[in-house]
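Visitor: Following this message is one structure expressed as structure tokens.
Read-outs: derived from the displayed coordinates by stated rules, not from any lab. The shown structure was predicted, so the numbers you read here are calculated from the model rather than taken from an experiment. Methodologically, a virtual Cβ is constructed for each residue, glycine included, from the backbone with ideal geometry; neighbour enumeration extends over all protein chains shown.
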Amino acid sequence: MPKAPEIKPGHVIELDGNQYKISKVDVHSPSARGAATLYKMTMNELVSKRKREEAFKGDDFLTLADAATCSMQYLFSEGDMHTFMDVDDYAQHMLSTDDLGDQLAWLHDGMEGLTGLVVNDVLVAIELPQSLVKQIVETAPGIKGASASARTKPALLEGGITVQVPEYIEQGERIKVNTESRKFMSRA
């Protein structure tokens, strides 16, 4: 059983008989002597998707749930349901639009490199890669001679995502974007 400092976002733990996926971990170091470091975790219950926040001390033990991760491919959407395939055994799993939330804008048919979280043979969540390459659908024209560290402008990417890009980037270019922070990383 791992201690609270070993738990990272994406892990699945068991609390009060329910399974929770950790979405965020904040570390609070107290200024008073002798006080314990607190790990405030934001988590979502896997079945009902309810949000819960708990604080743990550094020496608290937590129980990891019986969950497996596997490589997934996004196949297609049909109405409100989205189909994913396990690339190892070709098993197909479905998630609803509500389950995917903000991740849906990043997905496109045939997309590979996704990580699926499977609990009791049921896909409960997917994890996007750290960065993705997307094409710019709409942005202001590039400014000739603009430096790399100068001002930025908004750019609409395929999938409906808007990010800030340097002024020298033009419409139609492919760029690398961090999926967590939604920030421009480089040209692709």
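Visitor: Quick one: if the Förster radius is 22 Å, what FRET efficiency do residue 63 and residue 29 give, using the C-beta to C-beta distance and rounding to 0.05?
Guide: It comes out at approximately 0.30.
Visitor: Would you kindly state how much longer the chain becomes between residue 37 and residue 120 on full extension, computed as 0.36 nm times their sequence separation minus their alpha carbon distance, in nm to one decimal?
Guide: 26.5 nm
Visitor: How many nm separate the modelled label positions at residue 53 and residue 90, each set 7 Å beyond the Cα in the direction of the Cβ?
Guide: 4.7 nm
Visitor: Under 5 Å between amide hydrogens, which residues at least 5 positions from residue 142 or on another chain qualify, with H placed 1.01 Å from N in the peptide plane?
Guide: 171
Visitor: In region 9-72, what is the volume of the convex hull around the alpha carbon atoms, normalised per residue and reported in Å³?
Guide: Value for region 9-72: 99 Å³ per residue.
Visitor: Could you check which residue among 69, 97, 152 shows the biggest mean-square fluctuation in a GNM of the chain with a 10 Å Cα cutoff?
Guide: 152
Visitor: Let me ask you something else. Taking loop as defined by DSSP and a crowding limit of 12 other beta carbons within 10 Å, which GluC sites (Glu not before Pro) in region 41-148 fit?
Guide: Those that pass, being in a loop and sparsely packed, are 112.
Visitor: Could I ask something else about it? What's the magnitude of the charge dipole for the chain around its Cα centre, counting Lys and Arg as +1 and Asp and Glu as -1 at the beta-carbon? Answer in Debye, nearest 20.
Guide: Result for the chain is approximately 1180 debye, rounded to the nearest 20.
Visitor: Among 41, 31, 97, pick out the residue whose Cα is farthest towards the positive end of the charge dipole of the chain, where Lys and Arg carry +1 and Asp and Glu carry -1 on C-beta, about the Cα centre.
Guide: The listed residue farthest towards the positive side: 31.
Visitor: Can you give the translational diffusion coefficient of the chain in µm²/s, computed by Stokes-Einstein from the Kirkwood radius over Cα pairs at 25 °C and 0.890 mPa s?
Guide: D = 130 µm²/s.
Visitor: May I have the convex hull volume per residue, in Å³, for the Cα set of region 67-127?
Guide: Cα convex hull per residue, to the nearest whole number: 74 Å³.
Visitor: Same structure, new question: Quick one: Karplus J couplings for region 115-129, per residue in order, coefficients 6.51, -1.76, 1.60, θ = phi - 60°, nearest Hz, x for Gly and Pro?
Guide: Going residue by residue, I get 10, x, 9, 10, 10, 6, 6, 10, 6, 10, 6, 10, 10, 7, x Hz, with x marking Gly and Pro.
Visitor: Of the listed pairs 3/176; 24/176; 3/51; 21/153; 57/183; 40/134, which have alpha-carbon separations greater than 29 Å here?
Guide: Going by Cα-Cα distance, 3/176; 21/153; 57/183; 40/134 fall outside the 29 Å limit.
Visitor: Measure out, as a whole number of angstrom, how far apart the alpha-carbon centroids of region 159-174 and region 59-132 sit.
Guide: 27 Å
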